[in-house]
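Read the structure below first, then the notes.
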Amino acid sequence: MKTREWHRFTGQFTYTWAHAFDDMTAYRGATPQNSFDIQGDYGNSDFDTRHNFTALLNYDLPNGSSWKLLTNGWTMSSLLSFHTGQPFNITSNVDSTGTGEGVQRVDLIGNPQAGVSHLVQQRRRNVDHPAAFAAPAPGTYGTFPRNFLYGPGFGDVDFSVVKNTKITERINTQFRIELFNIFNRKNLAPPAAGAV
């Protein structure tokens, strides 16, 4: 009876859930919508990534009993990385407040995801419904919360095959094939702040 050698397989798995809040994230600019109401910008951080999953898998193939130079020393490895998208803003082309700061958000007047399939939303990057937004009335700031909508997520699977060959006691050679993003998934950055 043959037994499987599970000791040849190793794996590491990590999952992180997080939710980051702040009133200003420096890498997207340091100007609030209303300089007299900094707390009005309190919301999801630009770096907010809710779900993050990573896995590293490694399998050492069993050594062969014949043709050892060719059949021994093979290893297969894979790295999987997936995380949800990051938030973004929708700003207004109209400076209804007269401040000239150019970071005024729009008014939210409807459901931005009404009638939009989440599957389509992720694949085609349609993350908003234009009829859900409007330019603010003169003399007012936009009601759209900071970083309310989220962009597309990220997914990547890498795979490698490695052949280690011992030439002498101190000299080894390695033949390696590495495939990156083997499923050819498109990974897009968060959308640029749209304008209404």
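The values are calculated or read from the model by the stated rules, or taken from the named source; none is laboratory data. Note that this is a predicted model, so its numbers are computed, not measured. For neighbour counting, all protein chains shown are included, and Cβ atoms are generated from backbone atoms with ideal geometry for every residue, glycine included.
If I filter segment 85-96 for residues that are touching a residue at least 40 places away in the same chain (Cβ under 8 Å), in a loop (DSSP other than H, G, I, E, B), under 22 Å from LYS186 (Cα atoms) and touching an Asp or Glu at 6+ places or on another chain (Cβ under 8 Å), do I get at least one hit? Yes, there is a match, as at least one residue in segment 85-96 is touching a residue at least 40 places away in the same chain (Cβ under 8 Å), in a loop (DSSP other than H, G, I, E, B), under 22 Å from LYS186 (Cα atoms) and touching an Asp or Glu at 6+ places or on another chain (Cβ under 8 Å).
If you scan segment 1-23, which residues turn out to be at pLDDT 80 or above and touching a Pro at 6+ places or on another chain (Cβ under 8 Å)? Hits for segment 1-23 are ARG8, ASP23.
Per this entry, THR97 is not counted among residues that are crowded, with 17+ Cβ neighbours inside 10 Å, at pLDDT below 85, within 26 Å of the chain's Cα centre (by Cα) and among the hydroxyl-bearing types (Ser, Thr, Tyr). Per this entry, VAL157 is counted among residues that are crowded, with 16+ Cβ neighbours inside 10 Å and among the β-branched types (Val, Ile, Thr). For GLY102, the conditions (1) part of a loop (DSSP other than H, G, I, E, B); (2) modelled with pLDDT of 85 or more are fulfilled apart from (2).
Is segment 50-59 home to any residue that is surrounded by fewer than 14 Cβ atoms within 10 Å (Cβ to Cβ) and under 19 Å from the mean Cα position of the chain (by Cα)? Looking through segment 50-59, at least one residue is surrounded by fewer than 14 Cβ atoms within 10 Å (Cβ to Cβ) and under 19 Å from the mean Cα position of the chain (by Cα).
Within segment 26-84, the residues that satisfy the criterion of being more than 18 Å from PHE159 (Cβ to Cβ), part of a strand (DSSP E or B) and polar (S, T, N, Q) are ASN44, ASN52. Beta carbons closer than 8 Å, at least 6 apart along the sequence or on distinct chains, pair a first residue in segment 165-185 that is more than 21 Å from ASN63 (Cβ to Cβ) with a second that is among the polar types (S, T, N, Q) and part of a strand (DSSP E or B) for GLU178/SER160; LEU179/SER160.
Against the list (1) crowded, with 16+ Cβ neighbours inside 10 Å; (2) touching a residue at least 60 places away in the same chain (Cβ under 8 Å), the condition PHE144 fails is (2). Counting the residues of segment 164-193 that are more than 30 Å from SER92 (Cβ to Cβ) and under 32 Å from the mean Cα position of the chain (by Cα) gives 11.
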